[in-house]
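Derivation of every value follows stated rules applied to the coordinates shown; laboratory data play no part. Because the structure is predicted, anything quoted here is derived from the model rather than measured. Using ideal geometry, Cβ is built from the backbone for each residue, glycine included, and neighbour counts are taken over all protein chains shown.
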Amino acid sequence: HLPMDDPDRDKLGIVISETQRMENMVKDMLNFSRPLELHLCKDDIFKLSEECAAILSEIAQVKKVSIEVDLASDTPPLAFDSTRMKQALINLGTNAIQASSEGDTVKIRAFSRRDGFVLDVMDGGCGIPLDQREKIFQPFFTTKKEGTGLGLPIVKKIIEAHKGRLEILDNPDKGATFRIVLPIIECGTCDKGQQGGPIQDTR
């Protein structure tokens, strides 16, 4: 352990920070490059959303940002890969917290509509310029100082593997909404807790 007043302490902190950043980048590169295999199972998307909100609340407290959850209750069980969907939602939620300022509220909203199930992650940031809305889904494009540029491409890959789509909308007051739209397709071959046949996306 280095003493608090040791001049090398700051240098060591930089080395540790950069090492963690490189580890995260390698992990993201592996996640993005590997074939994506989904294990679809009938499950409760609302429960998953609440679990993600609880995790995100811990992150939000550091930045003094609030998490607000608004989940409708009239959606039938969906067939999805809970691990992958949780990864996507936490990634979008973390981005929303980072884009927001102290005192802002990040909203997670879920509801059904005619064309599918909608899951919104709304931030209080400055929005996404139109000329960046396609670029942010390209690998290694990032506007964040410590970003790897692979978080959103991985999220997009996960959502599209579920036959869904990922959209960006402007909020009425400020900030942006990342909207996941999933088809409401029930899994007739599996029950909760059992895996359906794996679906592989080799992109």
³J(HN,Hα), Karplus 6.51/-1.76/1.60, whole Hz, each residue of the range 95-102, x for Gly, Pro: 4, 5, 5, 5, 7, 8, 9, 3
Links that overshoot a 19 Å alpha carbon limit, given the list Lys135/Lys163; Lys135/Lys157; Lys42/Lys163: Lys135/Lys163
Among 90-96, 124-130, the order from most to least packed when residues are scored by Cβ within 10 Å on average: 90-96, 124-130
At q = 0.13, 0.25 Å⁻¹, base-10 log of I(q)/I(0) for the range 42-134 (Debye sum, equal scatterers on each alpha carbon): -0.46, -1.26
